[in-house]
Each structure stands twice: as C-alpha cells, then as structure tokens.
C-alpha cells in the first residue's frame, strides 16, 4: 500500500500559493490509518523513550493510538490557554505568523525521554518549539516521527542540524 495515495492535496489552502497535504483522507481509510500507525510503531523502535508527546491537533490522532499500543504515557502540547493546570509555554514563529505552545508542568519529569509525534513537518517552527518545551521541562528529546515531511521546506533538516533524530513515513515537496 502506498500511503501517499491516501493524502489529499488541496491547492491554495489556507492561503494562495500553499498546497495543503490533508491527512483526513488517510485516517478515514481503515487500512491506510492502520498502516500509518504500524509504520510509526516500527520507526519508534529506533528511539529510547519514556513518554510520547503530540503536537496539537492532528498529531493527537496518531500519537494517541501509538501511545495506547505501546503502553506509554501520552502528553499533550497545546495552543495557549487550552490546558487547565500550570504550564510551561513558548512563543514561536509559524509560516503564517506567531503562536504559543504549552505543556503542563507536571507532564514531563526530569530526565524523561520524550518521543514527539506529529502529522507533518514543514519549516520546523512548531517542532523546534516542542523540543524547547521538553527541554524547559528538564526532559530530553528522544526524537521526532512525522507522518509527512515536506522535504524542500527544510524543517526535518533543521531538526537534524539541531541534534535531533527524525523519522517520517511519507515525503512530498512543500509547494
């Protein structure tokens, strides 16, 4: 099965000039979704980790299933003011502006090794912010697994240059 065949491409979304890679067509297909989770689990064997974290919101879809199957604790990285308890937060740049990401202060214990899972990496701003939140929480980044890497936008390469391990299942050009 070629998982790329289950990704819908939507031109000019969310703004003109962007070719959006839509994972909803992958997750609505039982075989494609199961295969993507199996692929993430297989790639996770390359990492030593205590907990799994996901980046809001599409990362939750994949990481929660992986967390359940691997019997690992699951951590949410959310947009500002979405978590009810005390948080660490970080402001970062996106392709279309700025954002703030937060994690509960009690989610990551000192020296916990965290595997971060998300649906897609483009320029890497969100992923780098998540890595910084792990480190601010005194944890360690075990690495990243993405369903899709938009390889020509350089996000995965930037993570690797910053010393992080990166895996992905599918690659597309970013424009």
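The values are calculated or read from the model by the stated rules, or taken from the named source; none is laboratory data. Not measured: the values here are computed from a predicted model. FYI the Cβ positions are ideal-geometry reconstructions off the backbone, even for glycines, and counts take in every protein chain you see.
Some notes on this structure:
- Look at (1) within 18 Å of residue 21 (Cα to Cα); (2) at pLDDT 95 or above; (3) surrounded by fewer than 15 Cβ atoms within 10 Å (Cβ to Cβ) and you find that residue 163 fails only one, number (1).
- Count of residues meeting criterion [free of Cβ contacts under 8 Å to residues at least 60 places away in the same chain, in a helix (DSSP H, G or I) and touching a strand residue (DSSP E or B) at 6+ places or on another chain (Cβ under 6 Å)] in the stretch 102-132: 4
- Condition broken by residue 9, with the remaining ones in (1) at pLDDT 95 or above; (2) not in a strand (DSSP E or B) satisfied: (2)
- Verdict on residue 85 being under 25 Å from residue 171 (Cα atoms) and either exposed (fewer than 12 other Cβ atoms within 10 Å of the Cβ) or at pLDDT 95 or above (or both): no
- The residues of the stretch 133-150 that are assigned to a helix (DSSP H, G or I) and surrounded by 16 or more Cβ atoms within 10 Å (Cβ to Cβ), listed by number, are 133, 134.
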